[in-house]
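This report refers to the structure that appears directly beneath it.
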Amino acid sequence: MDGIEIRSRATVSGVLYIEIDGVVVERQIDAVHYWGMHGGRPSLYVGVEAPDLGAYLKERSIWLNRWFGDVVKIRLDNRTAAFLAAFALFDQFNYIFEIGAGMVVRKVYRPEIPGGCIWADVGLPDFMWEAAYSAYHFKKFDARPEREKYAVEVYEQLKKGV
């Protein structure tokens, strides 16, 4: 996260499933960060450490002439996926996942959904965090019913894997 200004943080207890060539490991998530604008979109960041995967990842990527990001697939548990998907109620967010595996593996999920409102880069007002926590606890995407289908789409993709 060098050179990145993190403006907001939410405590979220969840699981990030990391899959490398069919082998799946779990890592605990303890926070989600608002990462500011990244590539013209507001962004959310989740980082985990998995130094034990470094050698295995190198075997499955560099030596086979494959990119780290192509070898690694990630997915989330239901509650964390719901938390992140709730932000689709407001705008087109980037979802940035970094895995510290001896080298940094960054996966960026950019859902193809319509843009939303201008609130996203104004420090994430309480209303957005409340909607995310509501989704986390109750799996409800009811903050903005007109955009609920986009939140459900993002939720399903994050559960399935990116």
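The values are calculated or read from the model by the stated rules, or taken from the named source; none is laboratory data. Keep in mind it's a predicted model, so treat the numbers as computed, not measured. Heads up, the Cβs are rebuilt from the backbone with ideal geometry, glycines too, and the neighbour counts pull from every protein chain shown. Keep in mind that these areas ignore ligands, DNA and RNA; they rest on the heavy atoms of the full protein, side chains included. Shrake-Rupley method; radii C 1.70, N 1.55, O 1.52, S 1.80 Å.
Scan Trp129, Trp119 and give me the residue that is modelled with pLDDT under 85, among the hydrophobic types (A, V, I, L, M, F, W, C), assigned to a helix (DSSP H, G or I) and more than 12 Å from Leu44 (Cβ to Cβ). Selected residue: Trp119, the only one of Trp129, Trp119 that is modelled with pLDDT under 85, among the hydrophobic types (A, V, I, L, M, F, W, C), assigned to a helix (DSSP H, G or I) and more than 12 Å from Leu44 (Cβ to Cβ). Does Ala82 fit the bill of being within 21 Å of Val152 (Cβ to Cβ) and in a helix (DSSP H, G or I)? Criteria met by Ala82.
Only one of the numbered conditions (1) more than 30 Å from Gly115 (Cα to Cα); (2) of a type outside the set (Asp, Glu); (3) open to solvent by 70 Å² or more (accessible area, probe 1.4 Å); (4) in contact with a helix residue (DSSP H, G or I) (Cβ under 8 Å, 6 or more places away or on another chain) is not met by Lys58, and that is (4). Just one of the listed residues (Phe83, Phe97) is in contact with a Leu (Cβ under 8 Å, 6 or more places away or on another chain) and either of a type in the set (Asp, Glu) or crowded, with 22+ Cβ neighbours inside 10 Å (or both), and it is Phe97. From the list Gly22, Gly40, Gly36, the lone residue that is open to solvent by less than 10 Å² (accessible area, probe 1.4 Å) and either more than 17 Å from Phe83 (Cα to Cα) or of a type in the set (D, E, K, R) (or both) is Gly36. Within the range 100-114, the set of residues being in a strand (DSSP E or B) and open to solvent by 10 Å² or more (accessible area, probe 1.4 Å) comprises Gly100, Val104, Arg106, Lys107, Val108, Tyr109.
Being open to solvent by 30 Å² or more (accessible area, probe 1.4 Å), outside any loop (DSSP other than H, G, I, E, B), at pLDDT 85 or above and among the hydroxyl-bearing types (Ser, Thr, Tyr): is that true of Tyr150 here? Answer is yes for this residue.
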